[in-house]
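Here the structure is laid out as structure tokens; the discussion comes afterwards.
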Amino acid sequence: MADLRGIGPPWAIVILFPNTIAKSLVNSVPNPSPVRTRIVIIGAGFAGVAVARGLVRACADVMLIDRDNFHLFQPLLYQVATAALSPSDIAEPIRRMLRGQENCEVVLGEVTAIDTQKRQIGMGAETVTYDILVLAAGATRSYLGHDEWEQFAPSLKTLEDALAIRTRLLLCFERAETSRNPQEQARLMTVVVIGGGPSGVELAGSIAELVRHTLAKDFRRISPAATRIILLEAGSRILAEFPEALSRYAAQRLAGLGVEVRENCAVKAITAAAVQADGAEIPAGLMVWAAGVKASPLAQMLGVKTDKHGRIAAGSDLAVAGLSGVYALGDLACVEDTMGKPLPGLAQVAKQQGTYLGRSLAAKIETGATPMPFAFHDRGNVAIVGRHSAVVDFGTIQLRGFAAWLLWAVVHIWLLAGLQHRVLVAIQWAWRYVTYDRGARQIMPMPGADGSARP
């Protein structure tokens with residue numbers, strides 16, 4: 001270091017060495033902390049979790065809000081409803097999924113209000129502010145203007161729904177076993193599934209396997225194998241989103257399982273003990289609604305226009321037009337593909353949208369980059385049709401039968417959240433395939449259940 005003694009007063013040092021002094025002053029001032037973006041995600045389904053994970057390295061504070069403390073694998077809900085799996089097999093704690101992501105806070109709560117002007121959301125008495133709001137609350141049941149049918153025909157959207165259906169289904173056989181009225185026995189041993197989409201087809205096929213095999217030898221006065229299972233579809237064919245050849249194959253497979261498939265058969269009324277359809281009354285012990293869904297009521301809180309299914313229109317970047325910093329995706333959003341056709345409400349769509357939005361928001365926060373438009377990559381559509389049979393549509397390639405069923409099993413095991421769930425479900429499926437047995441057959445009392453909740 002140079003000897004500065006004798007060169008004059010302190011101000012002379014500044015004149016002689018201006019760059020050195022300036023650098024010393026800059027280095028002595030601590031760097032301000034970067035401003036962190038506050039991102040609130042509502043909904044911990046496929047889309048919401050994927051968004052949160054995409055923001056893992058972003059300069060952002062992420063809050064993920066859901067009214068449940070678990071992430072639900074909805075594609076296998078029907079197996080809980082038909083005693084093939086337990087609720088814990090398809091539900092993963094959200095906190096466990098995101099425990100390693102330090103910038104993400106998980107909040108158990110229900111959103112009751114959204115103020116896009118103040119950039120605030122309300123959860124009861126609590127208010128949360130945001131810079132960016134992501135709506136990924138999914139869909140709920142729709143009874144097509146007949147909400148009074150819900151008390152008689154539960155749908156299959158939540159774990160509570162699945163357990164209610166399982167309870168009603170198993171109770172039907174218990175009540176039939178003790179009944180001495182042949183007509184009442186016949187009614188209790190009739191199941192009507194309303195809606196011939198993938199959910200309805202999979203549910204009907206699984207019930208057929210349950211009554212033909214698992215329950216076949218468990219009763220003394222009734223024969224569960226004689227149960228009537230009726231699948232009602234208002235359209236011209238079941239699985240309408242699949243190619244017609246696959247739809248016809250599915251109908252034939254269901255018929256082989258003993259399921260009565262009735263197409264062009266719209267439901268006119270549902271009561272506690274019967275379904276009215278096609279000009280006739282069908283007495284039934286259990287009716288299940290699988291005919292319609294609508295977007296979460298959360299969409300209405302934004303005050304923007306929604307379509308007939310309650311969905312919010314979102315652009316190619318998943319942003320909601322006219323609302324700065326608000327994004328919508330999954331079943332709650334109506335997003336068009338490159339051909340101008342709305343994307344279907346599938347898990348693969350929600351997951352891809354979530355991954356895209358998480359990464360694009362992270363890039364925007366980091367560099368201000370404008371994201372490329374979202375592009376959906378169709379991985380194919382699949383539906384299982386009873387034991388060791390399924391249909392798969394890849395567009396130019398279609399599969400059916402055992403190969404399609406094997407592919408369906410591998411894909412669903414892989415998509416389950418958590419290694420322990422993948423292992424346990426795979427073991428249970430293998431055991432069930434060999435033995436036809438189903439162990440999750442507990443009849444659980446439903447909170448607040450009255451006569452309408454019992455067959």
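Nothing in this text is a laboratory measurement; each read-out follows from the coordinates by a stated rule. What you are looking at is a predicted structure, and each value in this text was computed from that prediction instead of being measured. Heads up, the Cβs are rebuilt from the backbone with ideal geometry, glycines too, and the neighbour counts pull from every protein chain shown.
Within segment 118-133, which residues have the backbone N less than 15 Å from the label spot 7 Å out from Val35 along Cα→beta-carbon, could you tell me?
The answer is 130-132, whose backbone nitrogens lie closer than 15 Å to the label point.
Kindly rank 60-71, 369-380 from highest to lowest mean number of other beta carbons found within 10 Å of each residue.
Those peptides, ordered most packed to least, come out 60-71, 369-380.
Lys294: which lysines have alpha carbons under 26 Å from its alpha carbon, excluding same-chain residues fewer than 8 sequence positions away?
Lys157, Lys268, Lys305, Lys308, Lys341, Lys351
Using 7 Å Cα-to-Cβ label points, what is the Thr129/Leu415 separation (nm, one decimal)?
Roughly 4.0 nm, to one decimal.
Can you work out D for segment 359-443 in µm² s⁻¹ from Stokes-Einstein, where Rh is the Kirkwood radius over C-alpha pairs, the temperature is 4 °C and the viscosity is 1.567 mPa s?
81 µm²/s
Counting Lys and Arg as +1 and Asp and Glu as -1, each charge on the Cβ, what is the dipole of segment 137-223 about the Cα centre in debye, to the nearest 20?
So the dipole magnitude of segment 137-223 works out to roughly 420 debye.
Could you rank the peptides 236-243, 301-308 by their average count of other C-beta atoms within 10 Å per residue, with the highest value first?
Per-residue Cβ counts within 10 Å, averaged per peptide and sorted highest first, yield 236-243, 301-308.
Indicate the helices, whole DSSP H runs only, in the chain that combine a mean Kyte-Doolittle hydropathy of 0.0 or more with a Cα extent along their long axis of 27 angstrom or more.
For the chain, where a helix must reach 27 Å along its axis and average at least 0.0, the hits are 159-178.
Given the DSSP H assignment, sum -39500 (n - 2.57) over each helix run of at least 4 residues in the chain and divide by its residue total; what's the result at 222 nm in deg cm²/dmol, nearest 500?
-9500 deg cm²/dmol
Assign unit charges at the C-beta atoms only (+1 for Lys and Arg, -1 for Asp and Glu), then state the dipole size of the chain relative to its Cα centre in Debye, rounded to the nearest 20.
700 debye
Going highest first, how would you order 289-295, 193-199 by mean Cβ packing within 10 Å?
In decreasing order of mean packing, 289-295, 193-199 become 193-199, 289-295.
Under a cut-off of 17 Å between alpha-carbon atoms, report the aspartates and glutamates in cross-link reach of Lys364, not counting same-chain residues fewer than 8 places apart.
Output for Lys364: Asp61, Asp131, Asp317.
Report, in debye and to the nearest 20, how large the dipole of segment 51-104 comes out about its Cα centre when Lys and Arg carry +1 and Asp and Glu carry -1 on their Cβ.
120 debye
Measure off 7 Å from each Cα along the Cα-to-Cβ vector at Thr370 and Gln101, then give the distance between these two points in nanometres to one decimal.
2.8 nm
Simple spin-label model, 7 Å along Cα-to-Cβ: Ala321 to Lys217 in nm?
Computed distance between label sites Ala321 and Lys217 equals 6.4 nm.
Let me see the pair-distance distribution of segment 143-232: every alpha carbon pair, 5 Å bin width, integer percents in order.
Pair shares across the bins are 3, 13, 23, 25, 19, 11, 5, 1, 0.
Return the long-range amide H neighbours of Met63 (sequence gap of 5 or more, or a different chain), with a cut-off of under 5 Å between placed amide H atoms.
The answer is Ile39, Val40, Ile41, Glu105.
Which listed residue (Ala273, Gly345, Leu72) has the Cα farthest towards the positive end of the charge dipole for the chain, taking +1 on Lys and Arg C-beta and -1 on Asp and Glu C-beta about the Cα centre?
In the chain, that residue is Leu72.
Convex hull over the Cα atoms of the chain, averaged projected area in nm²?
So the mean shadow area of the Cα hull is 30.2 nm².
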